[in-house]
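**Q** Attaching a single structure in C-alpha cells format; questions to follow.
The values are calculated or read from the model by the stated rules, or taken from the named source; none is laboratory data. Bear in mind that the values here come from a model prediction, so they are computed numbers and not experimental data. Ideal geometry is used to build each Cβ from the backbone, glycine not excepted, and the neighbour counts take in all protein chains shown. Surface areas here come from the heavy atoms of the whole protein model, side chains and all, with no ligands, DNA or RNA. Shrake-Rupley method; radii C 1.70, N 1.55, O 1.52, S 1.80 Å.
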Amino acid sequence: MLFSGCLGGFPDCFELTTDPVVANALAFYRHGKSAERYSLADSCLSYYKILEIIKRREGTDNLDQIINQKIPYMTNLNKRCMAFIEDKSSQKGISISKFLFKEVRNQAAHYFEDSSINLDNEDENELFKYAVNPMHDLARCVIKETLNTDDYIYAFSYHKNSLKFFEEQEKGNY
C-alpha cells in the first residue's frame, strides 16, 4: 500500500500465474521497474535476469536470436539509446545482442579492475542510462512472447486481482 501511488503501470496484486518461471520473471520485471527510481544498474541487472531464464531454458544461441530479432523493435522505441549501444558494442567488437546480454550484465554485476563504472559517479553510469530502456523493452517482450503471458499483467490497474485481493483480505486469507 505504501507504494500504490508511486508505481503506476503495475497490477496491484500479483497472483497472475502458477508457473514458477513466469512468476520469477514477473518478480524480476517488477524489481527492475522499481529499481529504475534508485539504481539504473540494478534495474538493468533485473531485466538481465529475465534473459537468463530464457538462456537456461533455450540456450545461449536461441537467446542471441531472440535479442537480434528484437533489435529493430528496440531501435524504433529508443533510437538514441540504441545508437549509443551500437556504438559501444562496435568499439568492443561484439554484436549488439552480446553487448546487451554480456557487457551490461558484467558492468552491473561484477567488479573488474579495468572497469570505468563507478556507481557513485553519474557520468560513469552513462552505460546504464542508455541501456535501461532497451533492456526493459527486451525483458517485456521476452515475458510476453517467450513465456506466453497476457497483456493484462501490464495494465495500469488489474481490477480482477484487486478485487480478489480485497475479498481474500476480508476473509482473513492475507
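**Q** If r is the Cβ-Cβ distance from ALA23 to GLU86 and R0 is 35 Å, what FRET efficiency results, to the nearest 0.05?
**A** My answer for the efficiency is 0.55.
**Q** Also, quick follow-up: At 1.4 Å probe size, with the rest of the protein present, what percent of the exposed accessible area of region 25-78 is carbon and sulfur atoms?
**A** Answer for region 25-78: carbon and sulfur cover 47 percent of the accessible area.
**Q** Given the pairs LYS49/LYS92; LYS49/LYS171; LYS79/LYS144, which span a C-alpha to C-alpha distance of over 31 angstrom in this model?
**A** LYS49/LYS171
**Q** Given R₀ = 22 Å, what would the calculated FRET efficiency be for ALA109 paired with ASN76, taking r from the Cβ atoms and rounding to 0.05?
**A** That gives a FRET efficiency of 0.20.
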